[in-house]
1. Hand me the tally of lysine pairs in the protein assembly as shown: alpha carbons under 19 angstrom apart, and the pair either on different chains or 8 or more positions apart.
2. So what is the relative contact order of chain B, in percent, for Cα pairs below 8 Å that sit 6 or more residues apart?
3. If you take each beta carbon of peptide B:8-18 and count the beta carbons of other chains within 10 angstrom, what is the mean?
4. Chains A and B: buried accessible surface, both sides, probe 1.4 Å, rounded to 100 Å²?
5. Anything in chain B that counts as a DSSP H helix reaching 30 Å or more along its axis (C-alpha) with Kyte-Doolittle mean of at least 0.5? List them, would you?
6. What is the mean number of Cβ atoms from other protein chains located within 10 Å of the Cβ atom of each residue in peptide A:44-52, rounded to a whole number?
7. Between copies, how far apart are the A:Met205 label points? List them in nm, one decimal, shortest first, with each point 7 Å from Cα toward Cβ, please?
8. Out of every Cα pair in the protein assembly as shown, what percent are spaced more than 39 Å from each other?
Protein chains: 2
Amino acid sequence: MPESHPAPQRFPVTVDVVALTVRDGELRVLLITRLIEPFRGKLALPGGFVLAGEDLQEAAVRELAEETGVEHLPGHLEQLGSYGPKGRDPRGDVLTVAHLLLAPDFPVLAAGSDAEHAAWYPVREVQGGALELAFDHQRILDDALERAKSKLEYSPLGAAFCGEEFTIAQLRAVYEAVWGTRLDPRNFHRKATGTPGFLEDTGRMTTGDAGRPAALFRLAPEARPTAGHPTRAVLNPPLMRPAVPK
Amino acid sequence: MPESHPAPQRFPVTVDVVALTVRDGELRVLLITRLIEPFRGKLALPGGFVLAGEDLQEAAVRELAEETGVEHLPGHLEQLGSYGPKGRDPRGDVLTVAHLLLAPDFPVLAAGSDAEHAAWYPVREVQGGALELAFDHQRILDDALERAKSKLEYSPLGAAFCGEEFTIAQLRAVYEAVWGTRLDPRNFHRKATGTPGFLEDTGRMTTGDAGRPAALFRLAPEARPTAGHPTRAVLNPPLMRPAVPK
DNA sequence: CGGGATTATTGTCAACGTGACGATAATTTC
DNA sequence: GAAATTATCGTCACGTTGACAATAATCCCG
């Protein structure tokens, strides 16, 4: 891999995290308000420098914990891709490794005065151009959204947006929010419950909501992430998003 | 993204390339023989350090060109993922960004005495444990193979292994080699030619081979990579690999 | 307390995609 | 020319999907 003696170029390396969740049937992304230049006052993805002796995923988890005040991150974290190092930071070449977190809605620290304030923003508003992101974070977000959409098709990771137990309707709301489409409740129910290796009936039911009580499900054992293997399970056949999202 | 003043840790960054091709109906990967420690004499993925002012993809193309003697790389290059930096190089923390090249079979430079010798090795032999790879390159190769398999299902990139024009049988050979399965020629023909936005009939035919002449196809315009967009086209519905590859 | 609204769940049906495999066509090889 | 070889078209049964009807089980409200 190295080919000769001259000391190799070294780069600062950051991790950025696109944390997505669904709240009120709406897809949201975790953003921080930058307190320092460049892009002071602008919104940006949470992230920060990788430290010596750290692996990428470790760094992502640490940064996210620091900036949200959350100890144990819920949901599913995976690497999205790397960007740079050329010309993406006005201060110089910085390589960033973007990550994607699919998580149930969790509260973020109400920031103190000197901390960067993190909050969930509707993706709709960011995409609509109402909000502007720092660096190349808009592009990273776009890639993350596409990845998330595709993940729902081919993996059981839609459930990463839900808690431990959830109803089919809650799961459907996730798909609708991420894909930006409406799905037929009856067909979705058939597909979700009928796909082997996806869901497991808990036997319990919801209560107190409007309408008929719904059965509570959890991820099937084979779709659950384990220590060594952070979820490689595949939905077969896939649950394809409708061709024309509208 | 940065949070305070202390100078951020800097890391050497390399790019590695998993270049795959199909020759004689067999999937092969481009490997070089290391001439220096560590892992001297072992096989490794081609790659090298990212230089100042370079982007990742640029670096990957440059390194591949240097080590194969090939000017313009054929095929499809995409980023696979990043590994490290912790504990993957005995000399210290090195971050590597792995790339995946799907290419038609092209000749590599017969290396001079002092150059690292690059050659196409059957993936089968590497997976069989007959050959051992340096660093964490075995893991990277595994990830690359999985990515390649999945690419064939959901994208028109199988054609990246073929030349400009190809027959359905040649394309099928690619799928068979990458997936490690046999496919029914009649069903594959129906699916390949019947999928909208995938193939385009050139009107020309093969000649000279054994058996009935075959029609020559090329990638449909909408599946062809363009300058700005390096192929985002998707096969819908997907061409799924058989459930039990054997 | 009962009817209406609301949500969940079970079915039905036609259209479509897929796997298995038969049949035919157009070449090369001997 | 006959046999072998490869390409291509067709057929059929089966499973999946989208569209949509029908029923079930709750809450809400007067």
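The values are calculated or read from the model by the stated rules, or taken from the named source; none is laboratory data. Everything numeric in this text was worked out from a predicted model, so none of it was measured. Neighbour counts run over all protein chains shown; Cβ positions are idealised from the backbone, glycine included. Calculation scope for accessible area: heavy atoms of the full protein, side chains included, ligands and nucleic acids excluded. Shrake-Rupley method; radii C 1.70, N 1.55, O 1.52, S 1.80 Å.
1. Count of close lysine pairs: 9.
2. Values: 413 pairs, mean separation 45.9, N = 246.
Once divided by the residue count of chain B, the mean separation gives 19 percent.
3. Working: counts 9, 9, 10, 8, 7, 10, 3, 2, 1, 0, 0.
Mean number of neighbouring Cβ atoms from other chains: 5.
4. Values: alone 13610 and 13610 Å², together 23200 Å².
Interface between A and B: roughly 4000 Å².
5. Working: long enough: none.
Span-like helices in chain B: none at all.
6. Details: counts 1, 1, 1, 3, 5, 9, 9, 2, 7.
Neighbouring Cβ atoms belonging to other protein chains average 4 per residue here.
7. Result, one decimal in nm: 6.8.
8. Numbers: 34462 of 120786 pairs.
Considering the protein assembly as shown, 29 percent of its Cα-Cα pairs are separated by more than 39 Å.
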